[in-house]
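Undergrad: Can you read through this structure? Questions will come right after.
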Amino acid sequence: MGSEKYTGLINLRKHHFNGMVRTHNNALAQPLRRKKDTLWFVNSMSDLFHEAVPFQFIAAVFGVMGTTSQHQYQVLTKRPARMQAFFDWMEIMSQEPAAYCMEAASLAMGELVKADQSTCWPLPNVWLGTSVEDNRAADRITTLQSVPAQVRFLSCEPLIGSVDLVDRLDGIHWVIVGGESGAGARPMEAEWAEQIQDACHRAGVAFFFKQTGSSLAREWGLTSKKGSDADEWPKSIQDLGQRAFPRSVVA
């Protein structure tokens, strides 16, 4: 699968959201400067598909991802409807969407972005996902399923309620599950994770259990505050298959 270094296009960990969304064209060049194959978590502390982010900037981001095929990208959103709207907009803007996105990236950065995989759409190195923290958010899955993507994934993290994924995983390649971390973390029940794992197993979908979350970590007396050390988990949790990735990616 190559390097498993996770990073974001923009590091916002030291900042607090003040209700204003800004785009930073200078950050677009980061993946272009890194030659080693890297797994990027795009906008790890924000949402690329926030309503205030212009489609033209989103196109530039896709242009950068398209011209750096040595990297893999994870793009997670709570707004799959706007993600779908972006792809609908792309169909109107150009019959060659990948090439259009690279032109957008060139304009945004003021430098030429050379076509690497201009004939490939959707981009084969881009995974698109949506957050599904409980059953109230499950309707996002249907929208994600309609989005053109080589790999689609669900992030059930933080998992704050049960999620019924039976017969809802068509076109989904990967599901991530984890409990919430932090002092005021809401509890996750192990049974919720086990139910999701069972649905993934029945559907042949890759499953990744990331962490128990702070609540279970305290309850079980784990050293890791987030419950991210798999060696400390009870055997029933270890059996969830915590390191499974999409077969279409690792093949």
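Undergrad: Using the structure shown, decide if Thr143 is touching a Ser or Thr at 6+ places or on another chain (Cβ under 9 Å) and touching a residue at least 40 places away in the same chain (Cβ under 8 Å). Can you show your working first?
TA: Working: touching a Ser or Thr at 6+ places or on another chain (Cβ under 9 Å): yes; touching a residue at least 40 places away in the same chain (Cβ under 8 Å): yes.
It is true that Thr143 is touching a Ser or Thr at 6+ places or on another chain (Cβ under 9 Å) and touching a residue at least 40 places away in the same chain (Cβ under 8 Å).
Undergrad: Only one of these is closer than 26 Å to Asn135 by Cβ, surrounded by 20 or more Cβ atoms within 10 Å (Cβ to Cβ) and either of a type in the set (Lys, Arg) or within 18 Å of the chain's Cα centre (by Cα) (or both): Met65, Met83. Name it. Working first, answer last.
TA: Numbers: Met65 fails: closer than 26 Å to Asn135 by Cβ.
Residue meeting the stated conditions: Met83.
Undergrad: Quickly run through segment 136-148 and pick out the residues that are aliphatic (A, V, I, L, M) and assigned to a helix (DSSP H, G or I). Step through it out loud before you land on a result.
TA: Residues of segment 136-148 that are aliphatic (A, V, I, L, M), as a first pass: 137-138, 141, 144, 147.
Result: Ala137, Ile141, Leu144.
Undergrad: Here is a follow-up. May I ask you to verify whether Lys226 is at pLDDT below 90 and more than 30 Å from Met90 (Cβ to Cβ)? Can you show your working first?
TA: Details: at pLDDT below 90: no; more than 30 Å from Met90 (Cβ to Cβ): yes.
It is false that Lys226 is at pLDDT below 90 and more than 30 Å from Met90 (Cβ to Cβ).
Undergrad: Just wondering, is there one or more residues in segment 98-117 that are surrounded by fewer than 22 Cβ atoms within 10 Å (Cβ to Cβ) and under 16 Å from the mean Cα position of the chain (by Cα)?
TA: Looking through segment 98-117, none of the residues is surrounded by fewer than 22 Cβ atoms within 10 Å (Cβ to Cβ) and under 16 Å from the mean Cα position of the chain (by Cα).
Undergrad: Could you look through segment 235-247, keep only residues that are within 20 Å of Pro187 (Cα to Cα) and open to solvent by less than 100 Å² (accessible area, probe 1.4 Å), and pick out the one that is modelled with the lowest pLDDT?
TA: Among those residues, the one meeting the criterion is Gln242.
Undergrad: Looking at (1) of a type in the set (D, E, K, R); (2) within 18 Å of Glu180 (Cα to Cα); (3) open to solvent by 60 Å² or more (accessible area, probe 1.4 Å), which is the only condition Glu232 fails?
TA: Glu232 satisfies all of (1) of a type in the set (D, E, K, R); (2) within 18 Å of Glu180 (Cα to Cα); (3) open to solvent by 60 Å² or more (accessible area, probe 1.4 Å) except (3).
The values are calculated or read from the model by the stated rules, or taken from the named source; none is laboratory data. All values reported here derive from a predicted model rather than from experimental measurement. Methodologically, a virtual Cβ is constructed for each residue, glycine included, from the backbone with ideal geometry; neighbour enumeration extends over all protein chains shown. Just so you know, the surface numbers come from the protein's heavy atoms only, side chains and all, with ligands and any DNA or RNA stripped out. Shrake-Rupley method; radii C 1.70, N 1.55, O 1.52, S 1.80 Å.
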